[in-house]
């Protein structure tokens, strides 16, 4: 199955978050609770961890990009050979845990 990693929220008084640093590359497998990406608001760092095991298949937002809460920033899959869709809009959302530090 293909999953979309979206900008997590809600975060109080935050509408947009900047992609700060990816902690992996396309094709890399992540385990549950492993740090995937760091995001930042105007005031805080947001650490996003995988809510399930999966493979990072496509990065949709590069480091430095600003995205709205809920927008997809990457695609994950259960296996490396699953066909990616043309649009991430109708994909199941990847469960994540996040911490604002």
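The values are calculated or read from the model by the stated rules, or taken from the named source; none is laboratory data. None of the values given here were measured: they were computed from a predicted structure. All Cβ positions, glycine included, derive from the backbone under ideal geometry; neighbour counts span all protein chains shown.
Structure above, values below:
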| quantity | calculated |
| --- | --- |
| Any hit, region 52-64, residues being in contact with a helix residue (DSSP H, G or I) (Cβ under 7 Å, 6 or more places away or on another chain), modelled with pLDDT of 90 or more and either loosely packed, with under 14 Cβ neighbours inside 10 Å or part of a strand (DSSP E or B) (or both) | no |
| Hey, residue 41 in contact with a strand residue (DSSP E or B) (Cβ under 6 Å, 6 or more places away or on another chain) and touching a residue at least 40 places away in the same chain (Cβ under 8 Å) or not | yes |
| When residues of region 86-97 are limited to those that are out of contact with any strand residue (DSSP E or B) (no Cβ under 6 Å at 6 or more places or on another chain) and closer than 28 Å to residue 10 by Cβ, the one surrounded by the most Cβ atoms within 10 Å (Cβ to Cβ) | 95 |
| Pairs with Cβ under 9 Å, 6+ apart, first in region 1-12 and at pLDDT below 80, second in a loop (DSSP other than H, G, I, E, B) | 9/15; 9/69; 9/70; 10/69; 11/41; 11/44; 11/69 |
| Residue tally, condition in a strand (DSSP E or B), at pLDDT 90 or above and closer than 12 Å to residue 2 by Cβ, over region 67-94 | 5 |
| Residues of region 29-43 classified as outside any strand (DSSP E or B) and surrounded by 14 or more Cβ atoms within 10 Å (Cβ to Cβ), total | 2 |
| Flag if residue 47 is surrounded by 15 or more Cβ atoms within 10 Å (Cβ to Cβ) and under 20 Å from residue 69 (Cα atoms) | yes |
